[in-house]
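A.B. asks: Structure provided below as structure tokens; questions to follow.
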Amino acid sequence: MTTLIKNGRIITATDDYIADILIKGETVHTIGKDLAVQVDQLIDATGMLVFPGGIDPHVHLEMPFMGTFSSDSYETGTRAALYGGTTTVIDFILQKQGNSLRAAFKEWSNRAKGNATGDYSFHMAVTDFNDSTKGEIKEMIDEGITSFKTFMAYKGALMIDDRQMIGLMEEVNKQGGMVTVHATNGDMIDYLVQKHRDEAKLSPLYHYLSQPEVTEAEASERFADMTNYTGCPSYIVHMTCEGALNAVRNATRRNQKVFVETCIQYLLLDASLYQQDFEGAKWVMSPPLREKKDQVTLWAGINQGLVQVVGTDHCPFKWEQKLMGKDDFSKIPNGHPAIEHRMELLFSEGVEKRKISLNKYVEVTSTNAAKIFGMFPKKGTIAVDGDADIVIFDPTSRHSISVNTHHMNTDYSAYEGWEVTGKVKMVLLRGKLVIDENKCLVEKGYGQYVKRKKVSAII
Ligand code: URP
Ligand code: ZN
Ligand code: ZN
């Protein structure tokens with residue numbers, strides 16, 4: 001199969017030019033001006049922006065969590081991602097405490113294989129680091145899982161202590177991987193949650209008040225200190241606030257590099273949403289939404305190069321699941337649906353409103369994640385011999401986000417009524433047109449596992 005995309009404005013992390021793209025099979029064959037070739041499929045991209053397929057390195061599909069499962073399967077979640085221009089996601093495998101990494105990898109692979117609509121890869125969340133887990137780190141890296149997630153929070157469930165953390169960092173560093181972290185102080189949060197429950201303060205607002213900024217700032221600094229000591233490549237997921245970013249900023253003063261991801265919700269939404277009775281449960285996530293001043297810090301952090309990635313932490317639940325916590329905020333499943341709207345929201349709120357450049361947009365939605373997590377240049381750019389993962393984007397089309405039109409498996413939208421400028425018009429994944437004007441043209445099973453290379457501590 002050959003495809004020619006004509007006359008699009010091609011944007012990569014570094015380039016901005018009008019040209020044609022010839023695709024043969026799954027990869028880009030030629031990029032040039034006025035290519036005159038006979039092809040099976042011709043796409044006129046005049047007036048359109050042409051981006052590399054988005055990469056969302058932080059999603060939770062069918063994840064067992066807080067007594068239920070996140071509501072998007074590999075099929076529905078990766079399909080919704082495609083609708084929104086995200087062609088590859090990295091999901092989190094959770095090791096069960098007492099069990100092996102190998103067993104968890106098998107369980108997650110069985111769920112994903114044959115079901116994913118878009119491409120996917122895995123991080124491994126290590127929830128129980130011991131001599132036996134240590135022996136499996138190299139094996140996971142050989143399987144293409146080169147990043148190891150840790151939780152400094154969710155005490156009694158997913159959290160590991162600093163002793164385990166330092167041991168994991170030493171081993172991962174030795175084997176050429178990276179340690180990533182949910183950096184909040186689990187003991188402090190556990191104390192505050194209990195205190196609020198004892199005082200019968202049980203509404204979603206107290207979820208927010210149980211995780212103040214200091215819990216994230218402290219843990220981010222501690223994590224940076226431990227990675228500085230061990231030399232392990234490191235990445236902080238879903239950063240939300242000024243205090244945490246300043247911990248990373250301070251680490252740069254001793255010449256340390258800590259990669260930082262924020263998520264679309266922390267750039268656009270704020271904690272005032274928790275002021276409404278149970279409705280606030282829609283945005284109960286960890287860490288919680290923060291203040292306007294934190295949004296300012298995160299946008300600045302992107303432009304200062306301190307924040308390299310904008311993901312979603314997509315962890316959707318239906319309203320019925322959120323109601324598990326109607327009498328107690330600590331039982332509300334944590335997470336919100338966003339996988340479908342990251343690219344359009346960031347374009348509209350970031351590029352359109354002149355907070356970030358077009359090149360920066362591509363960097364933080366695709367290229368940096370590909371580089372950091374060992375997928376570049378196969379993914380994350382538009383280049384000869386790279387996968388033809390391409391988004392054709394209409395920068396002027398206006399539309400609004402709604403549960404009535406989204407494709408995620410949730411019965412509410414966390415962005416209901418948001419007006420956005422810019423729309424994903426077509427998406428190609430490995431050379432195949434998978435989204436065409438609001439229609440998905442592939443079935444579940446088209447998505448492939450992306451075996452990642454060793455991580456890069458420099459990008
Ligand atoms: O609220 C969230 N973030 N849910 C998913 C699990 C996590 O902490 O990333
Ligand atoms: Zn987390
Ligand atoms: Zn997460």
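The values are calculated or read from the model by the stated rules, or taken from the named source; none is laboratory data. Treat the numbers as computed from the prediction; the structure is a model and nothing was measured. Cβ atoms come from the backbone with ideal geometry, glycine included; neighbour counts cover every protein chain shown.
A.B. asks: Against the condition surrounded by fewer than 19 Cβ atoms within 10 Å (Cβ to Cβ), in a loop (DSSP other than H, G, I, E, B) and charged (D, E, K, R), how does Lys293 come out, does it pass?
C.D. replies: Numbers: surrounded by fewer than 19 Cβ atoms within 10 Å (Cβ to Cβ): yes; in a loop (DSSP other than H, G, I, E, B): no; charged (D, E, K, R): yes.
Answer is no for this residue.
A.B. asks: Can you name every residue in the stretch 225-257 that is more than 16 Å from ligand 1 (Cβ to nearest atom), crowded, with 24+ Cβ neighbours inside 10 Å and under 11 Å from Val181 (Cβ atoms)?
C.D. replies: Across the stretch 225-257, the qualifying residues are Thr227, Ser234.
A.B. asks: In the stretch 308-326, what count of residues is obtained for those that are within 16 Å of ligand 3 (Cβ to nearest atom) and in a loop (DSSP other than H, G, I, E, B)?
C.D. replies: So the answer is 5.
A.B. asks: Another question, if that's okay. How many residues does the stretch 333-347 hold that are part of a helix (DSSP H, G or I) and of a type in the set (D, E, K, R)?
C.D. replies: Kept after step one, since they are part of a helix (DSSP H, G or I), are these residues of the stretch 333-347: 342-347.
Next, only the ones that are of a type in the set (D, E, K, R) stay: 342, 344.
The total comes to 2.
A.B. asks: Select from the stretch 328-346 the residues that are within 15 Å of ligand 1 (Cβ to nearest atom) and either at negative phi or surrounded by fewer than 24 Cβ atoms within 10 Å (Cβ to Cβ) (or both) and list them in ascending order.
C.D. replies: Pass one, the stretch 328-346, residues within 15 Å of ligand 1 (Cβ to nearest atom): 329-339, 342.
Scanning the stretch 328-346 gives Phe329, Ser330, Lys331, Ile332, Pro333, Asn334, His336, Pro337, Ala338, Ile339, Arg342.
A.B. asks: State the number of residues belonging to the stretch 127-137 that are within 22 Å of Lys453 (Cα to Cα) and part of a loop (DSSP other than H, G, I, E, B). Working first, answer last.
C.D. replies: If we filter the stretch 127-137 for residues that are within 22 Å of Lys453 (Cα to Cα), which is where we start, we get 133-137.
Cutting the leftovers down to part of a loop (DSSP other than H, G, I, E, B) gives us 135-136.
So the count comes out to 2.
A.B. asks: Within the stretch 61-78, restricting attention to residues that are within 12 Å of ligand 3 (Cβ to nearest atom) and in contact with a Leu (Cβ under 9 Å, 6 or more places away or on another chain), which residue is nearest to Met343 (Cα to Cα)?
C.D. replies: From the stretch 61-78, those within 12 Å of ligand 3 (Cβ to nearest atom) are 61, 63, 65, 70; that's our starting set.
Now narrow it down to the ones that are in contact with a Leu (Cβ under 9 Å, 6 or more places away or on another chain): 63, 65, 70.
Numbers: Met63: 23, Phe65: 26, Ser70: 21 Å.
For the stretch 61-78, the residue satisfying everything is Ser70.
A.B. asks: Right, another one. Please indicate, with yes or no, whether at least one residue in the stretch 111-126 is in contact with a helix residue (DSSP H, G or I) (Cβ under 7 Å, 6 or more places away or on another chain), outside any helix (DSSP H, G or I) and surrounded by fewer than 22 Cβ atoms within 10 Å (Cβ to Cβ). Give the derivation first.
C.D. replies: Restricting attention to the stretch 111-126, the residues satisfying the condition of being in contact with a helix residue (DSSP H, G or I) (Cβ under 7 Å, 6 or more places away or on another chain) are 111-112, 115-118, 120, 122, 124, 126.
Retained after the next criterion (residues that are outside any helix (DSSP H, G or I)): 115-118, 120, 122, 124, 126.
From the residues that got through so far, the ones that are surrounded by fewer than 22 Cβ atoms within 10 Å (Cβ to Cβ) too are 115.
Yes, the stretch 111-126 contains at least one residue that is in contact with a helix residue (DSSP H, G or I) (Cβ under 7 Å, 6 or more places away or on another chain), outside any helix (DSSP H, G or I) and surrounded by fewer than 22 Cβ atoms within 10 Å (Cβ to Cβ).
A.B. asks: Scan (1) surrounded by fewer than 19 Cβ atoms within 10 Å (Cβ to Cβ); (2) within 26 Å of Ala81 (Cβ to Cβ) for the single condition Val309 breaks and write down its number.
C.D. replies: Failing condition for Val309: (1).
A.B. asks: Looking for whichever is buried (at least 18 other Cβ atoms within 10 Å of the Cβ), farther than 17 Å from Phe148 by Cα, modelled with pLDDT of 95 or more and in contact with a Gly (Cβ under 6 Å, 6 or more places away or on another chain) here; the options are Tyr274, Tyr266. Which one fits? Explain how you work it out, then say what you get.
C.D. replies: Details: Tyr266 fails: in contact with a Gly (Cβ under 6 Å, 6 or more places away or on another chain).
That would be Tyr274, the only listed residue that is buried (at least 18 other Cβ atoms within 10 Å of the Cβ), farther than 17 Å from Phe148 by Cα, modelled with pLDDT of 95 or more and in contact with a Gly (Cβ under 6 Å, 6 or more places away or on another chain).
A.B. asks: Can I ask one more? Based on this model, can you work out whether Val172 counts as in contact with a helix residue (DSSP H, G or I) (Cβ under 7 Å, 6 or more places away or on another chain) and buried (at least 21 other Cβ atoms within 10 Å of the Cβ)? Steps first, please.
C.D. replies: Details: in contact with a helix residue (DSSP H, G or I) (Cβ under 7 Å, 6 or more places away or on another chain): yes; buried (at least 21 other Cβ atoms within 10 Å of the Cβ): yes.
Taking the combined requirement at face value, the residue satisfies it.
A.B. asks: Turning to a different aspect of this structure: Within the stretch 441-448, can one find any residue that is in contact with a Phe, Trp or Tyr (Cβ under 9 Å, 6 or more places away or on another chain) and under 14 Å from Ala80 (Cα atoms)? Steps first, please.
C.D. replies: In the first step, residues of the stretch 441-448 are kept if they are in contact with a Phe, Trp or Tyr (Cβ under 9 Å, 6 or more places away or on another chain); the result is 444, 447-448.
This time we only want the ones that are under 14 Å from Ala80 (Cα atoms), so: 444, 447.
Yes, the conditions are met somewhere in the stretch 441-448.
A.B. asks: Looking only at the stretch 7-25, decide whether some residue is within 16 Å of ligand 1 (Cβ to nearest atom), within 26 Å of Leu345 (Cα to Cα), buried (at least 17 other Cβ atoms within 10 Å of the Cβ) and without any contact (Cβ under 8 Å) to a residue 60 or more places away in the chain. So that I can check it myself, show each step before the final result.
C.D. replies: Narrowing the stretch 7-25 to residues within 16 Å of ligand 1 (Cβ to nearest atom): none.
No, there is no match, as no residue in the stretch 7-25 is within 16 Å of ligand 1 (Cβ to nearest atom), within 26 Å of Leu345 (Cα to Cα), buried (at least 17 other Cβ atoms within 10 Å of the Cβ) and without any contact (Cβ under 8 Å) to a residue 60 or more places away in the chain.
A.B. asks: Now, a different point. Mind checking which residues of the stretch 73-94 are assigned to a loop (DSSP other than H, G, I, E, B) and touching an Asp or Glu at 6+ places or on another chain (Cβ under 6 Å)?
C.D. replies: Ser73, Gly84
A.B. asks: Away from ligand 1 (no atom under 16 Å from the Cβ), touching a residue at least 60 places away in the same chain (Cβ under 8 Å) and among the hydroxyl-bearing types (Ser, Thr, Tyr): is that true of Thr46 in this structure? Lay out the reasoning, then the answer.
C.D. replies: Numbers: away from ligand 1 (no atom under 16 Å from the Cβ): yes; touching a residue at least 60 places away in the same chain (Cβ under 8 Å): no; among the hydroxyl-bearing types (Ser, Thr, Tyr): yes.
Here the answer is no, as Thr46 does not meet what is asked.
A.B. asks: Ok, one more. Looking only at the stretch 233-271, which residues are acidic (Asp, Glu) and assigned to a strand (DSSP E or B)? Walk me through it before giving the result.
C.D. replies: At the first step, the residues of the stretch 233-271 found to be acidic (Asp, Glu) are 242, 261, 270.
The one that is acidic (Asp, Glu) and assigned to a strand (DSSP E or B): Glu261.
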